[in-house]
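This report refers to the structure that appears directly beneath it.
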Amino acid sequence: MIPGKLNFVNLKDGEQPVMTALTLKGNRAGSAEWNDRKPATEGIRCIFNLNEWIEFYPVTNAEYGIKVWIIKHKEDQSFYLKNKMRDLTPGFVQGGDIRKDPDAEEGSAWASMYVNPDNAEPGYYDFVFTYEDKVFATMLTKFYKEHELDKSDEELEKLEGK
């Protein structure tokens, strides 16, 4: 798996995924410019500090029904197709709804969450995206110790593999 790339699954031939692109922003690492990326299917921000708030900005027509599950990385990605995602899923550390708030300003985050260092350790995690309880995409991410990503944008880009 390539970190920062949406891997679409469960799609029938010619079917479009419910979310066609994504931007993720954090509040601790990198400059505002580094965090403010265009929505994409790859090159999405994929490194975060534990305890760093992550904001989700999806490109989708669905205003509700999308969820993200943050789960300790599984080499066998078919696990996500064979099992229902829930907070009891092995490796689960965080998750929640990604939905448009009709009262929010245009351009506002659809979700915001963090991975608590009391419940998780640094390492690789999968963001597993579901729509109406069906997995439609996964994305590999890496979490670092708190403040470990206090680096320049150039150093962060190297860590992301750019």
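The table below gives the values:
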{"read-out": "Contour minus Cα-Cα distance for ASN61 and ASP36 (0.36 nm per residue)", "value": "6.9 nm"}
{"read-out": "Segment 76-114: trypsin sites (Lys or Arg not before Pro) falling in loop per DSSP and having at most 12 other Cβ within 10 Å", "value": "LYS84, ARG86"}
{"read-out": "Relative contact order, percent, the chain [alpha-carbon distance under 8 Å, six or more residues apart]", "value": "32"}
{"read-out": "Longest site-free stretch - the chain; sites: chymotrypsin sites (Phe, Trp or Tyr not before Pro), DSSP loop, at most 15 other Cβ within 10 Å", "value": "65-162"}
{"read-out": "Loop-located GluC sites (Glu not before Pro) in segment 32-77 whose Cβ has at most 12 other Cβ within 10 Å (DSSP)", "value": "GLU63, GLU75"}
{"read-out": "Mean ellipticity per residue at 222 nm, deg cm²/dmol - from DSSP H runs of n ≥ 4 across the chain, formula -39500 (n - 2.57)", "value": "-2000 deg cm²/dmol"}
{"read-out": "Phi-based couplings in Hz for segment 108-125 (Karplus 6.51, -1.76, 1.60; Gly and Pro marked x)", "value": "6, 4, 8, 7, 8, 7, 9, 9, 6, x, 6, 10, 8, 10, x, x, 8, 9"}
{"read-out": "Accessible surface ranking that places the most exposed of ASP126, ASP103, ASP153 first, with a 1.4 angstrom probe", "value": "ASP103, ASP153, ASP126"}
{"read-out": "Within segment 120-155, GluC sites (Glu not before Pro) in DSSP loop having at most 11 other beta-carbon neighbours inside 10 Å", "value": "GLU132"}
{"read-out": "Amide proton proximity set for GLU146, modelled H, under 5 Å, gap of 5+", "value": "LEU50"}
{"read-out": "Over 27 Å between alpha carbons, listed pairs LYS72/LYS158; LYS67/LYS158; LYS25/LYS100; LYS38/LYS82; LYS12/LYS142", "value": "LYS67/LYS158; LYS38/LYS82; LYS12/LYS142"}
{"read-out": "DSSP beta bridge pairing in the chain, given as percent antiparallel to the nearest 5", "value": "90"}
{"read-out": "Amide H within-cut-off set for LYS151, under 5 Å, with H built and near neighbours excluded", "value": "GLY30"}
{"read-out": "For segment 66-77, 3J(HN,Hα) per residue [Karplus equation, 6.51 cos²θ - 1.76 cosθ + 1.60, θ = phi - 60°, Hz, x = Gly/Pro]", "value": "8, 10, 10, 10, 9, 10, 3, 3, 10, 4, 8, 5"}
{"read-out": "Candidate residues HIS73, HIS147: accessible-area rank, largest first, probe 1.4 Å", "value": "HIS147, HIS73"}
{"read-out": "Once the Cα gyration tensor of the chain is diagonalised, semi-axes √(5λ) in Å", "value": "23, 19, 15"}
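The values are calculated or read from the model by the stated rules, or taken from the named source; none is laboratory data. Not measured: the values here are computed from a predicted model. Cβ coordinates were reconstructed from backbone atoms using ideal geometry, including for glycine residues, and neighbour counts include every protein chain displayed. All accessible areas refer to the heavy atoms of the entire protein, side chains included, with ligands and DNA or RNA removed. Shrake-Rupley method; radii C 1.70, N 1.55, O 1.52, S 1.80 Å.
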